[in-house]
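Written below as structure tokens is the structure these notes are about.
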Amino acid sequence: MAVTLTASSAKAASNDYYISSQYGFEVWLDSINLEPGDRIFLHGGTTFYGTLKLDWWDSGTDPGGNLIAPITIASYGDGRATISAGDGAAIFAHNNGGIEISNLNLVGSGVAPDGTTTNTESGISFYNDSPGDLKFRHIRIRDVEVSGFGERGIAIGGYNGDAGYDDVEIERVIAHDNLQDGIETYGTNGSTQALTNVRIRNCIAHHHPGEPDSNKNSGNGIVLGGVTGGLIEHCKAHDNGTNSATVNGPVGIWSYNSANVVIQFNESHHNRTSGGDGGGFDFDLKVRDSVMQYNYSHDNAGAGYLIFGTSGQNGNNRNVVRYNISENDGRDPNSPAASGINVSNNVDDLVIYGNTVIMSAPPGSTSVAAFRAVAFNSEPDDIIIANNLFVTSGGTRLVYLDSEDDVTFAGNNYWSSGDNFVIRDNGSTYGSLTSWRNAKGKERLNGVATGSSVDPQFRIPLGATAKGLVPNPLDGLSSFKLQASSPLINKGLDLKAKFNLDPGSRDFFAAPLIQGSALDIGAHEFAVTPPMILGCTFNASAPSPSFTIRYQSEIGESFGVRRSVDMTGDPAVDWTALTPTAGGTGEVMEYVDTPPSGSTHFYVLKRE
């Protein structure tokens, strides 16, 4: 073991501790009190056994929770250090903050496929039960793999009023094969503000089976609970919940008891259940003023997108679900939530627009619906379902309603792919959009008929492209883009004029809104405007000067690139054609060209 002391600032001295032995990890670290700015480095490639405990005095904050300087726990040398915690936690922090954890592997004693484990803790646990609603600031967890724990991979929460944490960031974490959940935040007794300003980015949560004999929710991927101001983006959750038998849960990515949450740019798939939800995404009880957008859900047992509330103060209010795609969710007809989009129980002031739901009949059943709204002990109320594209095949239901309250359908397209057209509304079945409209008044605004039942004319026919057969899975989503001849282009309702709704700035694929005279129906806005160039940089360094174009990519799209020395002629015909851009991810991307020397060069990107 080596210890190096370095001065960090005039305010306080900070120390670097390099730990290379089990004795240093188990005995020496336990004997010191960490101060703001101290850093612990564990030797890369070495396995350390036991739990790293951080008590209230080991904090990078002052007693009021304000950041002074973060305490760092990371690896040094080649590779990552591993903390093998056995039946305990790998890192446990109690009533402290200002802590950064990175570049570590954390393993518990393991979880068998049937849920059997001897571990009873979470891999990383931050727990605050301080009085006075105290919040500790600045928690960072980055580049960590955590597996084999009997509770969560990562758990951050408070359990004393609104005590908890502020400014929490979890990035590039892989959580897998833990019993209960991958990543979870929580508060006490329904608190919606135990944590504030929480960001979870670029994380993967998979194979959390859930506890088969428990009556509590388990087997989830990523969960925000007790949060005001939360973000989950660019994450994946899959193959969770296999053993969970309780009716409430599990779900791949979701939130409960929270406000002002955004869930965007995520993928959730192949999540399962033994008797509960088994869905992709969820805004659950006591979620309000939150947005679920630009996500991809597929092949889940339950709902692709669930919006659920219970009676009394546990309702669900003022949320938005827009520009998402659900493909073949509802694979388990026995899941009570099985559907593409599901609105259940005490849900108020919800708007769902611009989504695309693709639903083939699951084996042995035609009862699963692309859209489902039901009431148990409370009715959904003030629900707007607009400009969505519902596509079914195999005769499964387009819509299932078991609620007589205020659910408005307007401007949606319902296409059964040439199979039976089925809408089930409070005990009656309708075989056409017209018969449903005439009987129930749906798809009618101020006496004017809305909605349609036409072939959307996808770019690639359904079933022609299978997931897993393309290098970039997102490229397969191009199947759900509209052809130029689609009857859904410019046929969406004006959401601002009809419902005072702002549709946002982009569609699912990152194309800007609005492209034509009106919105399109579904998650794709047919693009006619040129690709968006955001900036250019010339690098004159020898031996090969280069030119870099920064542009807004669109999922699955490659743009043509043209170069000219004098800007004369038609770019599509007369300019030099270069190698197209790479397939888009929906993010800002760069294209680099090495042009001939001695001239000025001009570039355009074009849709091919």
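The table below gives the values:
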{"quantity": "In segment 67-104, the residues that are part of a strand (DSSP E or B) and more than 18 Å from Glu169 (Cα to Cα)", "calculated": "Ser75, Tyr76, Ala81, Thr82, Ile83, Ser84"}
{"quantity": "Filter result for the condition that a residue is under 27 Å from the mean Cα position of the chain (by Cα), in a loop (DSSP other than H, G, I, E, B) and buried (at least 24 other Cβ atoms within 10 Å of the Cβ), over Ala337, Ala370", "calculated": "Ala337"}
{"quantity": "Subset of segment 340-367 that is on the phi < 0 side of the Ramachandran plot and part of a loop (DSSP other than H, G, I, E, B) - its residue that is surrounded by the fewest Cβ atoms within 10 Å (Cβ to Cβ)", "calculated": "Pro363"}
{"quantity": "Residue in segment 110-130 that is touching a residue at least 40 places away in the same chain (Cβ under 8 Å), in contact with a Ser or Thr (Cβ under 6 Å, 6 or more places away or on another chain), farther than 23 Å from Thr61 by Cβ and not in a strand (DSSP E or B) present", "calculated": "yes"}
{"quantity": "When residues of segment 532-561 are limited to those that are in a loop (DSSP other than H, G, I, E, B) and under 26 Å from the mean Cα position of the chain (by Cα), the one modelled with the lowest pLDDT", "calculated": "Gly556"}
{"quantity": "Close pairs (8 angstrom Cβ cut-off, 6 or more residues apart or separate chains): closer than 19 Å to Asp167 by Cβ in segment 92-104, β-branched (Val, Ile, Thr) and part of a loop (DSSP other than H, G, I, E, B) anywhere", "calculated": "Gly98/Ile68"}
{"quantity": "Flag for Val357 being at pLDDT 95 or above and more than 23 Å from Arg272 (Cα to Cα)", "calculated": "no"}
{"quantity": "Test: residue in segment 254-266 that is hydrophobic (A, V, I, L, M, F, W, C) and farther than 19 Å from Lys236 by Cβ", "calculated": "yes"}
{"quantity": "Single match in Thr185, Thr192 (criterion: surrounded by fewer than 22 Cβ atoms within 10 Å (Cβ to Cβ), polar (S, T, N, Q) and either part of a loop (DSSP other than H, G, I, E, B) or in the same structural domain as Gly221 (by TED's automatic domain parsing) (or both))", "calculated": "Thr192"}
{"quantity": "Enumeration of residues in segment 173-211 that are hydrophobic (A, V, I, L, M, F, W, C) and in contact with a strand residue (DSSP E or B) (Cβ under 7 Å, 6 or more places away or on another chain)", "calculated": "Val173, Ile174, Ala175, Ile183, Ala194, Leu195, Val198, Ile200, Cys203, Ile204, Ala205"}
{"quantity": "Index of the failed condition, Lys498 passing every other in (1) assigned to a loop (DSSP other than H, G, I, E, B); (2) within 25 Å of Val291 (Cα to Cα); (3) touching a residue at least 12 places away in the same chain (Cβ under 8 Å)", "calculated": "(1)"}
{"quantity": "Qualifying residue in segment 424-434 (condition: in contact (Cβ under 8 Å) with a residue 24 or more places away in the chain, assigned to a loop (DSSP other than H, G, I, E, B) and either hydroxyl-bearing (Ser, Thr, Tyr) or crowded, with 24+ Cβ neighbours inside 10 Å (or both))", "calculated": "no"}
{"quantity": "Boolean, Arg550 is of a type in the set (Lys, Arg), surrounded by 14 or more Cβ atoms within 10 Å (Cβ to Cβ) and farther than 28 Å from Ile514 by Cα", "calculated": "no"}
{"quantity": "Some residue of segment 276-298 being at pLDDT 95 or above, in contact with a Ser or Thr (Cβ under 6 Å, 6 or more places away or on another chain) and either of a type in the set (D, E, K, R) or surrounded by fewer than 24 Cβ atoms within 10 Å (Cβ to Cβ) (or both)", "calculated": "no"}
{"quantity": "Search result, residues across segment 562-608 that are assigned to a strand (DSSP E or B), among the β-branched types (Val, Ile, Thr) and touching a residue at least 40 places away in the same chain (Cβ under 8 Å)", "calculated": "Val588, Val592, Val604"}
{"quantity": "Test: residue in segment 314-322 that is within 20 Å of Met359 (Cβ to Cβ), of a type in the set (Lys, Arg) and not in a loop (DSSP other than H, G, I, E, B)", "calculated": "yes"}
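Conditions tested, residue by residue: (1) more than 15 Å from the chain's Cα centre (by Cα); (2) surrounded by fewer than 24 Cβ atoms within 10 Å (Cβ to Cβ); (3) acidic (Asp, Glu).
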| residue | (1), (2), (3) |
| --- | --- |
| Asp213 | yes, yes, yes |
| Lys216 | yes, yes, no |
| Asn240 | no, no, no |
| Asn248 | yes, yes, no |
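The values are calculated or read from the model by the stated rules, or taken from the named source; none is laboratory data. Here the structure is a predicted model, which means the values were calculated and not measured. Glycine gets a Cβ as well: all are built from the backbone with ideal geometry, and neighbour counts include every protein chain shown.
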